[in-house]
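Peer 1: Just passing along the structure, written as structure tokens.
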Amino acid sequence: MSLYKINEVFESLQGEGSYTGLPSIFVRLQGCPVGCPWCDTKHTWEVDPDSIATSTKVMAETSESNSWFEQTAQQLIELFEGYGYVAKHVVITGGEPCMYDLTELTSYLIGLGYSVQIETSGTYEIQCHKDTWVTVSPKVNMPGGRPVLKSAMLRANEIKHPIAMQKHIDELDQVLSLLEDGSSPQIYLQPISQQKRATELAIKTCIARNWRLSLQTHKFIGIE
């Protein structure tokens, strides 16, 4: 079985998008070259060989770290069971999880009865089981220089776009032009850091375009 580079595993509630409120197991993979300036998981960017550790050591950490461990899909299920996780929805996030071929991992989880969601920037080809729910947060004109791919936009079940000002909506319009007739992903606007101006703009735009509002509810209620 393939080995996956894992920065963090935890159980919580999904706080964003269409699965908001659903108990979920989050699997955060290590590595991301996109370079979003506002990223709140910059500790996942580099895959430093010197930072590899055991799953026991990484799981015991109480603060953000660039440490990571490797496990197969089967070992990951054993980890879920060992920590007593009961959620049946798995969110594969990062970092940028689509740096990796996730077909084997998503197929294994779905075969065991889990629902699976991937959160991606849309800058890599998405390789996963056909029943995987794909959330694309298109990262436009980021320092890493990777373009948003048409194939990623067409695979998206939902498109979730953080905004702070009008230019972010204009950037979203730019990548939405990659969609073809018949493509109808759910579209969410997410105010960055719940800023008042951003929230007002998101509400106004959602009403005007019949889009949806996504709030980071996990931050409102103080969970991870």
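The values are calculated or read from the model by the stated rules, or taken from the named source; none is laboratory data. Source: prediction; values computed, not measured. Here Cβ is always computed from backbone atoms with ideal geometry, including for glycine, and neighbour counts include all displayed protein chains. Protein only, heavy atoms only, side chains kept; ligands, DNA and RNA dropped before computing areas. Shrake-Rupley method; radii C 1.70, N 1.55, O 1.52, S 1.80 Å.
Peer 1: Just how large is the dipole of the chain about the Cα centre, in debye to the nearest 20, putting +1 at every Lys and Arg Cβ and -1 at every Asp and Glu Cβ?
Peer 2: Computed charge dipole of the chain: roughly 760 debye.
Peer 1: Can you sort 105, 154 by 1.4 Å-probe accessible area, starting with the largest?
Peer 2: My answer, sorted largest first, is 154, 105.
Peer 1: Turning to a different aspect of this structure: Using only helices, what value at 222 nm comes out for the chain when you add -39,500 (n - 2.57) per DSSP H run of length 4 or more and divide by the total residues, to the nearest 500 deg cm²/dmol?
Peer 2: Result for the chain, helices only: -7500 deg cm²/dmol.
Peer 1: What is the extension gain from residue 10 to residue 210, computed as 0.36 nm multiplied by their sequence separation minus the C-alpha to C-alpha distance, in nm to one decimal?
Peer 2: The span from residue 10 to residue 210 would gain 68.6 nm if fully extended.
Peer 1: What Rg and what Dmax come out for the stretch 64-203 when only alpha-carbon atoms are used, in angstroms?
Peer 2: Every Cα atom of the stretch 64-203 included, Rg and Dmax give 16.6, 46 Å.
Peer 1: Explain nothing, just the number: relative contact order of the chain, from Cα pairs under 8 Å at least 6 residues apart, as a whole percent.
Peer 2: Relative contact order, the chain: 18 percent.
Peer 1: Can you pull the percent of the chain's accessible area that's carbon plus sulfur, 1.4 Å probe, other chains left in place?
Peer 2: Answer for the chain is 51 percent, counting heavy atoms of protein chains only.
Peer 1: Do any cysteines of the chain lack a neighbour Cys whose Cβ is under 4.7 Å away, and which are they?
Peer 2: Lone cysteines by the Cβ rule: 32, 98, 128, 206.
Peer 1: Mind running the shape call on the stretch 8-139? Use the C-alpha gyration tensor, a ≥ b ≥ c as the square roots of the eigenvalues: rounded below 1.5 for a/c, prolate if a/b tops b/c, oblate otherwise.
Peer 2: It comes out rounded by the Cα gyration axes.
Peer 1: Tell me which of 103, 121, 32 sits at the most positive position along the dipole axis of the stretch 1-128, charges placed on C-beta atoms (Lys, Arg +1; Asp, Glu -1).
Peer 2: 103
Peer 1: To the nearest 0.05, how large is the calculated FRET efficiency for residue 64 and residue 181 if R₀ is 35 Å and r is the Cβ-Cβ distance?
Peer 2: The calculated FRET efficiency here is 0.25.
Peer 1: Let me have the relative contact order for the stretch 130-215, percent, based on Cα pairs under 8 Å that are six or more residues apart.
Peer 2: 27
Peer 1: Considering only lysines 8 or more places apart in sequence, or on different chains, count the pairs in the stretch 110-224 whose C-alpha atoms sit under 17 Å apart.
Peer 2: For the stretch 110-224, qualifying lysine pairs total 10.
Peer 1: Any idea what diffusion coefficient the stretch 150-190 gets from Stokes-Einstein, in µm²/s, Kirkwood Rh on alpha carbon pairs, 25 °C, 0.890 mPa s?
Peer 2: Answer from the Stokes-Einstein relation: 232 µm²/s.
Peer 1: Please compute the length gained on full extension between residue 170 and residue 51, using 0.36 nm multiplied by the number of residues separating them and subtracting their Cα-Cα distance.
Peer 2: So the chain would gain 38.9 nm between residue 170 and residue 51.
Peer 1: Give me a comma-separated list of calculated 3J(HN,Hα) values for the stretch 48-59, in order, Karplus coefficients 6.51, -1.76, 1.60 applied at θ = phi - 60°, integers in Hz, x for any Gly or Pro.
Peer 2: 8, x, 6, 9, 5, 8, 7, 4, 4, 5, 5, 5
Peer 1: So which trypsin sites (Lys or Arg not before Pro) in the stretch 126-202 pass both tests, a DSSP loop state and at most 16 other Cβ atoms within 10 Å of the Cβ?
Peer 2: 130
Peer 1: Per residue, what accessible area does the chain have, given a 1.4 Å probe and all protein chains present, in Å²?
Peer 2: Accessible surface, normalised per residue, equals 47 Å².
Peer 1: Shifting gears a bit: What is the extension gain from residue 131 to residue 41, computed as 0.36 nm multiplied by their sequence separation minus the C-alpha to C-alpha distance, in nm to one decimal?
Peer 2: Fully extending the segment from residue 131 to residue 41 adds 29.7 nm.
Peer 1: For the stretch 12-57, what does the alpha-carbon gyration tensor say about shape, rounded, prolate or oblate, given a ≥ b ≥ c as the root eigenvalues, a/c under 1.5 as rounded, and a/b over b/c as prolate?
Peer 2: oblate
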